[in-house]
There are 4 protein chains.
Amino acid sequence: MSDLKSFASDNNSGAHPAVMEAVVRVNTGHLKSYGDDELSIHTDEVFKEFFGSQARIHYVTTGTAANVLGLRSVTHTYNSVLCAEQAHINNDECGAPEAFGGIKLVPIPSPDGKLTPGMIAPYLGHIGFVHASQPKVISITQPTEVGKLYTLKEIEDLVEFAHDRDLLVHMDGARLANACAALDCSFFDMTTALDVDFISFGGTKNGCLMGEAVIFLNPDIGQGFPYLRKQAMQLVSKMRFVSAQLEAYLKDDLWLKNARNANAMAKRLAEKAGAIDGVTIKGTVDCNSLFAHIPPEATEILLKKYYFYVWNEHDQTVRWMTSWATTEAMVDEFVEDLRKAMKAVS
Amino acid sequence: MSDLKSFASDNNSGAHPAVMEAVVRVNTGHLKSYGDDELSIHTDEVFKEFFGSQARIHYVTTGTAANVLGLRSVTHTYNSVLCAEQAHINNDECGAPEAFGGIKLVPIPSPDGKLTPGMIAPYLGHIGFVHASQPKVISITQPTEVGKLYTLKEIEDLVEFAHDRDLLVHMDGARLANACAALDCSFFDMTTALDVDFISFGGTKNGCLMGEAVIFLNPDIGQGFPYLRKQAMQLVSKMRFVSAQLEAYLKDDLWLKNARNANAMAKRLAEKAGAIDGVTIKGTVDCNSLFAHIPPEATEILLKKYYFYVWNEHDQTVRWMTSWATTEAMVDEFVEDLRKAMKAVS
Amino acid sequence: MSDLKSFASDNNSGAHPAVMEAVVRVNTGHLKSYGDDELSIHTDEVFKEFFGSQARIHYVTTGTAANVLGLRSVTHTYNSVLCAEQAHINNDECGAPEAFGGIKLVPIPSPDGKLTPGMIAPYLGHIGFVHASQPKVISITQPTEVGKLYTLKEIEDLVEFAHDRDLLVHMDGARLANACAALDCSFFDMTTALDVDFISFGGTKNGCLMGEAVIFLNPDIGQGFPYLRKQAMQLVSKMRFVSAQLEAYLKDDLWLKNARNANAMAKRLAEKAGAIDGVTIKGTVDCNSLFAHIPPEATEILLKKYYFYVWNEHDQTVRWMTSWATTEAMVDEFVEDLRKAMKAVS
Amino acid sequence: MSDLKSFASDNNSGAHPAVMEAVVRVNTGHLKSYGDDELSIHTDEVFKEFFGSQARIHYVTTGTAANVLGLRSVTHTYNSVLCAEQAHINNDECGAPEAFGGIKLVPIPSPDGKLTPGMIAPYLGHIGFVHASQPKVISITQPTEVGKLYTLKEIEDLVEFAHDRDLLVHMDGARLANACAALDCSFFDMTTALDVDFISFGGTKNGCLMGEAVIFLNPDIGQGFPYLRKQAMQLVSKMRFVSAQLEAYLKDDLWLKNARNANAMAKRLAEKAGAIDGVTIKGTVDCNSLFAHIPPEATEILLKKYYFYVWNEHDQTVRWMTSWATTEAMVDEFVEDLRKAMKAVS
């Protein structure tokens, strides 16, 4: 099978060897199914070391499942979830929150996918008014879908704003590791310490095969989740093969090393590509994605060899994304090819 | 990690080495995600060799997902699905068909989980009557939840009965390989050749890590399935890790060898255990599960060392299940321990 | 418009003149909408006189809405509702509980639509088992769909059985008035005094135009109902036209007089028809429906002039139903025609 | 019961005497239920005189039901419905389209609740992209929630734009009569002649008790609606009481006379109130609602005697709404009180 030269998404990468090795290692014979095996129980304990002892962890196989089931488990159908217009739950889940969660999303315009109390406040009217969905959750993505970071202070302020209004805070952390790597803090610092209520924890993009989790930090919510997960078709029988991934992912700072590499490669790409005449990198590069303006003719040339997304045809923006598996050599080769393409079309 | 001595379920087994090897082998670098990779596309072709060129194959991660999404994709919420009272969709999916599919199940009493036209006919009234759910699908499980087999002729008759009434036939084939092994026929013989409309194809129990599929044989149904799968949180990003399993599973008759072993071990266990005084094996052993009457005191002794289910406390029935990974030595050791337990309590 | 000679259903009747008069009387000008008008608030108080001061009353327009929304408001999608196989929620609501409530129904065989603790007990296994829907509500119909009555003692026993197991009891009272009239007891005696948790209260069949209510007697359940009713498309804007009906219905014992008439007419019909050679009335006549065996040829003759249902073609049973509007003359004319039809076919 | 001095909503009015008289007149004895009565069948024919012979008409009891069930009957859960941010379906139905229809709404910013092809086009990307909800319906409200009108040409252009892209056009016509009265055209001119696909037809606000309908003009859609309506708890048993209202409403131009009065009273109020110092009427008054800036202190005084909504506290806007039942005397009295209030606070 031909290896793809991809800067399309971090989910184009494979699994980290240490994760794969753990999956192989756990294939030892008969074990209880559905998460009642020793390994899955132990992995829960490992998670608690990172998120605190009150954390409750439930494994699922996709990020969409983590988002939708987490949100559904804390809402009535007459509640609403406030999110940025760019949110994955709003744009990239084919209507799953609405169809499978009965959830009313309230998308809020934002320049970079980040929300502030000031942006949210105007959407909080009609409390107790029976004709209007009742706000229950503020869902933020860290880093956002366009690669921007909330500071810890910004998260703290949002949580305080939310809790003052009896709202919960959900963090879509499909790339939580990249955020922690970029802000040089722990998972605990970014979530439990800030009183975030529940998290979609992503492992897949940063080195797992398919390993995600819903983590409840607030002890008062999500009680029925185990039934909901089963009902939502997300309780895999041979659970060991999911928990093995996540245990390996959390071991020896693998999650951090992987995320640091992805972030560093994005920075490297931004610096080197940004230095080429006619290439403009949009904004800062906080994590492992970057957005660039290049002429569509150059894009066309590059797409013959590489795989990445044209983000916006109108303003000629492309998205490049790096992963745990991106190497300096890959970046440098890509930059070289970009340079040639730009020359060819100038 | 301690290996469990399990006769509880075939999903207590791990993955077959050849399947695991395929998963490791495909971990080679960047590939397109969400099933657009070469391997996933090729695996589709492999499936078509088994099910016919008109087959459309969609991978999911759990059997519940295969059942619920397959059924949902062919029904309106005002349709009903007729199934045996014992059906997995009726008892073992925590209400998923109802909650996530909006499906009305009509459970039909059956002695062994098998349905006949005669059993179904009384439930087909009220066609066109707006107060009643309109029958749309007959769902059968092959082998049934209590290990019984439909003959090919019985399936053929059911399909004819169904199609004469504009009903579709769904086959829950979580253990389809075991059925084919037992009846000595191919997947094609059991499904496509008999005009079955769509299938839940199981790989997990018979040697995969987590690999299931919905297969549409009828070209007129299930058109929107790809959107539905995404929406139902079942589109895994690194799809190669699912398709690799299923490709390996279908290669070199692995599915058949695994199923034959599971079936043979069940037969061996039935013969040897049934020869012990005071142990009664209920009915014939068609595939890889068997049900036995033993005194509850003997069950108690065995459960200290082995893991299996007490099926019915009232009539003192236990279920023992074998898998691709069950060996003759395991069976013989279990029989020996059973013999001792029976002696101890007699 | 030609008046139909109907013994088909009590919902073939119109509205009682006193109810209609109330609707006309309340059409006096501008009032607050959505139930915030004085009349609706007052009607709530009237209901509390009948059901106790802790009762919470919510009006809806159909019996299906009362059943589905009441049940939904007290269940999670992973809960199940146990009911008799004959239950209206199971057979006559086109799958609404499943599709609009996400509810798993567990239909239990019963000879006459009545449930007993003994019938229910075998369906209460798997508590805490994540693969199985978790029982939450026992739903009984009083009188049942085939016209049979629970005694007060039977209801009391069921409630005790339910509450001992943390289950709620729902009473589908589409014809609650007929039951009270037959048992010579009050609404309070039949519900609040017996600790029934919530009720679908029917007014339509017994003299209203369209007036039903969900009544919560248990103060701990159904808190979000007002939002749910709005979301479920059941919050009518000009609510006064519903509450006026129900206020009139409860006034001056109208509900009781109407129900007594319906019941008395059914008894009259049973006695007179049962005396005709070849006509067999099945069982006792508890309320306002009766089931009779007559030859299909006689049915054919009668259906030219009258409207009623052939209940079961196989055993030649027909259902005759009387209402608040059925008169002695109507019954006697029907009996006379039945006599002629029987003679013609003998 | 005290008559409310209401300019809050047209649903604060009662029923027109001619409508009420029809309801009383149809209360004549036994009739078939669930819409199989002669009157309901005849009312269908009356509707066809207005909307064309291919129209299919289904009665429901609330506008939310008309909207949600109409939309649901033509969409899969993976479809989206595009609407203005101000749309009733987006703001005023407590999440019903999402929860009971599984529908993804895509709210589009608009200054006055009107949509244009240019506003919609940017939201039509990702066709065939499995991660994104697939656009299926453009829903417009005529007149809009803030009282603005689409011209016939604007509707025609939207329909053409939609049909060119395989999209359907839904018209929320809760106040369709007011729009026709304002534009001096027939229902046919505004809908069937312009190829609108389906309509929520409102009768309640303009003189009925509770009478709404879903009307399909496109013969290829909404086939399963009768089952869906039953399942959605909207099939009332004594349907005659709904169809009688709508037949009367359509007779002798009652709908038109009522709407003309409502519109005229709003214009009168706008002119007279707008002439008072310090009162500003916002924009033009197209139908029967108007928005005015007045000082909050004046609002406070008026609210002691009258009932109306403060639309926006921030910019001190109030909404005044007139109905078929609003008289010149009511308007003049209100204007006089407004004048006094303004004087008191100046």
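The values are calculated or read from the model by the stated rules, or taken from the named source; none is laboratory data. Quick caveat, the model's predicted, so the values are computed rather than measured. Backbone-built Cβ (ideal geometry, glycine too); neighbour counts: all protein chains shown.
Run down C:88, C:126, C:16 and say which single residue is at pLDDT 95 or above and more than 10 Å from chain D (Cβ to nearest Cβ).
Going through C:88, C:126, C:16 in turn, just one is at pLDDT 95 or above and more than 10 Å from chain D (Cβ to nearest Cβ): C:88.
Quick one: is residue A:209 part of a loop (DSSP other than H, G, I, E, B) and crowded, with 23+ Cβ neighbours inside 10 Å?
So residue A:209 passes the test.
Could you list all residues from segment A:122-131 that are without any contact (Cβ under 8 Å) to a residue 12 or more places away in the chain and out of contact with any Lys or Arg (no Cβ under 9 Å at 6 or more places or on another chain)?
A:122, A:125, A:126, A:128, A:129
Determine the pairs where a residue that is over 11 Å from residue C:341 (Cβ atoms), located within segment C:271-282, has a partner that is of a type in the set (D, E, K, R) and part of a helix (DSSP H, G or I) with Cβ atoms under 8 Å apart, the partner being 6 or more residues away or on another chain.
C:272/C:332
One line per residue, one yes/no per condition, for (1) β-branched (Val, Ile, Thr); (2) more than 7 Å from every other protein chain (Cβ to nearest Cβ); (3) surrounded by fewer than 24 Cβ atoms within 10 Å (Cβ to Cβ):
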residue	(1), (2), (3)
A:8	no, yes, yes
A:20	no, no, yes
A:36	no, yes, yes
A:67	no, yes, no
A:73	no, yes, yes
A:96	no, no, no
A:101	no, yes, no
A:104	no, no, no
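Identify, please: which residue in segment B:219-243 is within 20 Å of the chain's Cα centre (by Cα) and of a type outside the set (Val, Ile, Thr) and is, among those, surrounded by the fewest Cβ atoms within 10 Å (Cβ to Cβ)?
Among them, the one singled out is B:229.
Tell me, yes or no, whether segment A:127-134 has at least one residue that is crowded, with 24+ Cβ neighbours inside 10 Å and within 25 Å of residue A:80 (Cβ to Cβ).
Scanning segment A:127-134 turns up at least one residue that is crowded, with 24+ Cβ neighbours inside 10 Å and within 25 Å of residue A:80 (Cβ to Cβ).
Somewhere in segment C:139-152, is a residue touching a residue at least 24 places away in the same chain (Cβ under 8 Å), away from chain B (no Cβ under 14 Å), over 15 Å from the mean Cα position of the chain (by Cα) and surrounded by fewer than 23 Cβ atoms within 10 Å (Cβ to Cβ)?
Yes, segment C:139-152 contains at least one residue that is touching a residue at least 24 places away in the same chain (Cβ under 8 Å), away from chain B (no Cβ under 14 Å), over 15 Å from the mean Cα position of the chain (by Cα) and surrounded by fewer than 23 Cβ atoms within 10 Å (Cβ to Cβ).
Failed condition for residue A:312, given (1) touching a Phe, Trp or Tyr at 6+ places or on another chain (Cβ under 9 Å); (2) surrounded by 14 or more Cβ atoms within 10 Å (Cβ to Cβ), with all others met?
For residue A:312, the failing item is (2).
Name the one entry in D:53, D:110, D:40 that is more than 7 Å from every other protein chain (Cβ to nearest Cβ) and closer than 30 Å to residue C:321 by Cβ.
D:40
Given the options C:9, C:73, name the one that is under 30 Å from residue C:119 (Cβ atoms) and not assigned by TED's automatic domain parsing to the domain that holds residue C:137.
Result: C:9 is the single residue among C:9, C:73 that is under 30 Å from residue C:119 (Cβ atoms) and not assigned by TED's automatic domain parsing to the domain that holds residue C:137.
Among the numbered criteria (1) hydroxyl-bearing (Ser, Thr, Tyr); (2) away from every other protein chain (no Cβ under 14 Å); (3) closer than 30 Å to residue B:23 by Cβ, which one does residue A:204 miss?
(2)
Within segment B:270-291, does at least one residue satisfy the condition of being within 22 Å of residue B:63 (Cβ to Cβ), surrounded by fewer than 23 Cβ atoms within 10 Å (Cβ to Cβ) and charged (D, E, K, R)?
Within segment B:270-291, one or more residues are within 22 Å of residue B:63 (Cβ to Cβ), surrounded by fewer than 23 Cβ atoms within 10 Å (Cβ to Cβ) and charged (D, E, K, R).
When you go through (1) assigned to a helix (DSSP H, G or I); (2) more than 14 Å from chain A (Cβ to nearest Cβ) one by one for residue B:169, which number turns out not to apply?
Going through (1) assigned to a helix (DSSP H, G or I); (2) more than 14 Å from chain A (Cβ to nearest Cβ) one by one, residue B:169 breaks only (1).
Looking at this structure, is residue C:196 surrounded by 21 or more Cβ atoms within 10 Å (Cβ to Cβ), hydrophobic (A, V, I, L, M, F, W, C) and assigned to a loop (DSSP other than H, G, I, E, B)?
yes
Looking only at segment A:30-42, which residues are of a type in the set (A, V, I, L, M) and in a helix (DSSP H, G or I)?
Scanning segment A:30-42 gives A:39, A:41.
Applying the selection to segment B:207-225, what residues are within 12 Å of chain A (Cβ to nearest Cβ) and of a type in the set (A, V, I, L, M)?
If the condition is that a residue be within 12 Å of chain A (Cβ to nearest Cβ) and of a type in the set (A, V, I, L, M), then B:209, B:210, B:214 are the ones that fit.
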